[in-house]
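Following: one structure in structure tokens, then a few remarks.
Derivation of every value follows stated rules applied to the coordinates shown; laboratory data play no part. Being a predicted model, the structure only gives us computed values, none of them experimental. Note that we place each Cβ from the backbone using ideal geometry, even for glycine, and neighbour counts take in every protein chain shown.
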Amino acid sequence: MGYDSLPKISTRKEMYDQLDLAINNIKETEEELTEEYIPQRKYLKSLIIESNSTLEDIKTEDNIQFIPTREDSIRIIKIIRNDKTTYSYLDLLDSRFWILYSLDTSIDIKKEVKGVIEKNNSRLDYTWLSSDSLQVLSCNYQKTSFSMRFYNSFSNENIPLKKLSIRLWAEDSEEIIKNLFNNEYIGLGACLSNVESKQTNNGKFVKTRLSMDGSLNVSKGNSINELLEYQQKIIEGHYKPIINKIESEYATGYEINDGINVKGKILSIKIKIDDIEKFSKNLLKGVYPFRFVGFANKITEDDYLLNVLDTHTYNRFDLEIFHDEILINLPKDTCGNCVTRLFALCQERIDPKADLRGDEGSIIKKNGGG
């Protein structure tokens, strides 16, 4: 099956060399993969982690250790499970978006990452890729499989589906995805949770499955460069510009100059919510995945004002909830990841056709990609 685990490294070049070998050593198979079978394969995995912290401030369990290398931007993650030691790599080159590489099983490494991210003092978060973002990022690539998942967690009577779960493989699933989105019944709950696509360039390729938590599983390939370029497209070409736009253009602040001037704009999620009281109260339970706590203030039967604390960074912001819209008032210096998290989860759990909008239209522009 290729490498059993990643070895220790000292430099970025050594890291890339080992990742390249790991990709090239994945055994090719035409066997269809099931969700139960995937974690047993030695796929190379990467996970993009949004950070408002430094590694020195991260507290982990005793079985996890960050080992320095000769380069400050790279750490080896030593993990001990049941007396077995494995090594993964953590790329800190971008201080806001870290990348973790691992050959550990998906179940094992995601359990460790979940434990670190969801500690209330970590100031770490997943990169929350909405169904819209997954459409954008898979556009212009051959799509070999995809999953759609919808949980009607808030009993939204506007959508007759209680739950939808689809996993499909095809030589190219582009048209299938479009048809499902346009289907009279399934389209009501059609929300992409991951897309597998093939990135190619002059005979070099990787086949990756990108999920809504920012994780990438490499199932086949012969070049680390194609993976690195795709990650750059995800972070630099798509996700970081959205976060920067939210934090710079839509964060509100006050300036005193011949009076008080309010700066910033209000974001909006266009959405259909049946029971806004139930939605407001359940949103503020403080648990995964929303991670919000606060108070819901009833203005009228059709209008609730939420004072929210995000347990990711302990930033405070306000939400105003209507049956057809969520208004987001994000103060200056608030982490924009709370918005992408809220939006992605609104699509997955309330209304797949929800749309994140600013004053000029949709923040995530699909450009016809499906």
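At q = 0.23 Å⁻¹ the log10 of I(q)/I(0) for region 167-258 amounts to -1.17, computed by Debye summation with a single uniform scatterer per C-alpha, solvent ignored. Rounded to the nearest whole Hz, the Karplus-based 3J(HN,Hα) values (6.51 cos²θ - 1.76 cosθ + 1.60, θ = phi - 60°) of region 14-19 follow the sequence 4, 4, 5, 4, 5, 5, with x at glycine and proline. For a straight C-alpha distance cut-off of 25 angstrom, the lysines reachable from K281 (same-chain residues fewer than eight places away being disregarded) are K114, K119, K162, K163, K270, K272, K298, K353. Checking every one of the GluC sites (Glu not before Pro) in region 150-239 against DSSP loop status and a limit of 15 other Cβ atoms within 10 Å picks out E157, E171, E184.
Evaluating 6.51 cos²θ - 1.76 cosθ + 1.60 at θ = phi - 60° for every residue in region 97-104, the Karplus couplings come out as 10, 7, 10, 9, 10, 7, 10, 5 Hz, glycine and proline recorded as x. Between L306 and N297, L319, E320, I321, the built amide H atoms are under 5 Å apart, and every one of these is 5 or more places off in sequence or on another chain. With springs only between Cα atoms under 10 Å, which of C338, C346, C139 fluctuates most in a Gaussian network model of the chain? Among C338, C346, C139, the largest GNM mean-square fluctuation belongs to C139.
Pairs of C-alpha atoms in region 236-370 farther apart than 25 Å represent 24 percent of all such pairs.
Here is the list for region 256-342: GluC sites (Glu not before Pro) lying in DSSP coil, each with at most 10 other C-beta atoms within 10 angstrom of its C-beta, are E301.
Inter-part distance, region 75-92 to region 273-313, computed on C-alpha centroids, equals 37 Å. Sorted ascending by nearby beta carbons within 10 Å, beginning with the fewest, D62, D20 become D62, D20. Here the Gaussian network model covers the chain, with springs between Cα atoms less than 10 Å apart; of D132, D324, D57, D57 fluctuates the most.
Taking other residues whose beta carbon is less than 9 angstrom from the beta carbon of T69, and scoring Lys, Arg as +1 and Asp, Glu as -1, yields +1.
Take the Cα of N120, step 7 Å toward its Cβ, do the same at D62, and the gap between the two points is 2.4 nm. For the chain, the relative contact order works out to 17 percent when only alpha carbon pairs closer than 8 Å and six or more residues apart are counted.
For region 41-118, the set of GluC sites (Glu not before Pro) satisfying both a DSSP loop assignment and a count of at most 12 other C-beta atoms within 10 Å is given as E61. Database remark: amide H of A170 closer than 5 angstrom to the amide H of S145 (H placed geometrically; neighbours at sequence offset of 5 or more, or on other chains; Pro and chain starts carry no H). Here H323, H312 are placed in order of increasing Cβ neighbour count within 10 Å, fewest first, which gives H323, H312. 3J(HN,Hα) along region 308-320, derived from phi through the Karplus expression 6.51 cos²θ - 1.76 cosθ + 1.60 where θ = phi - 60°, amounts to 10, 10, 8, 6, 6, 10, 6, 7, 10, 7, 10, 10, 10 Hz, with x in place of Gly and Pro. Here the spin labels are modelled as points 7 Å beyond Cα on the Cα-Cβ line, and at K263 and F295 they lie 2.9 nm apart.
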